[in-house]
Amino acid sequence: MSNSHGGTGAVRDWYFNLVLDAPLTEEQKDTLDGLDRFGEGGVGLAERPGHSRFTCAIPADTLTAAVADALSRFDDFPGVLVRSVEIDHFDLASNDMATPAMLPAPPPPGSDS
């Protein structure tokens, strides 16, 4: 059985975080408020001092499709860079996964790692 996403599995919600390379500025937050794709639901801003990320609960047939959907919402969000896609231990359980399936963030530019 094939679905509208081109996959063969059942559509379900996938949970993960998109971690930004820097906190959002006030101007970026104002821009975010006007972006319809973020108003569709499934992606929400979570902030703490010095850190911005988006928590995601995206319906799709695969985790890869869910991440692609979430990342596509940033196409019209100038100056915002997603540093990494992360799945914490709560999301692993929600996704019925035993181990993380994402790669760690690359080392910062200029580091020797």
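The values are calculated or read from the model by the stated rules, or taken from the named source; none is laboratory data. Bear in mind the structure is a predicted one, so any value in this text is a computation, not a measurement. Cβ placement follows ideal geometry from the backbone for every residue including glycine, while neighbour counts extend to all protein chains displayed. In case anyone asks, the SASA skips ligands and DNA or RNA and just uses the protein heavy atoms, side chains included. Shrake-Rupley method; radii C 1.70, N 1.55, O 1.52, S 1.80 Å.
Observations on the model:
- Any hit, segment 85-97, residues being open to solvent by less than 40 Å² (accessible area, probe 1.4 Å) and under 17 Å from Asp21 (Cα atoms): yes
- Test for Leu81: is it open to solvent by 70 Å² or more (accessible area, probe 1.4 Å), of a type in the set (A, V, I, L, M) and at pLDDT 90 or above: yes
- Members of segment 29-74 found to be among the charged types (D, E, K, R), surrounded by fewer than 15 Cβ atoms within 10 Å (Cβ to Cβ) and either touching a residue at least 40 places away in the same chain (Cβ under 8 Å) or closer than 13 Å to Leu18 by Cα (or both), listed by number: Glu47
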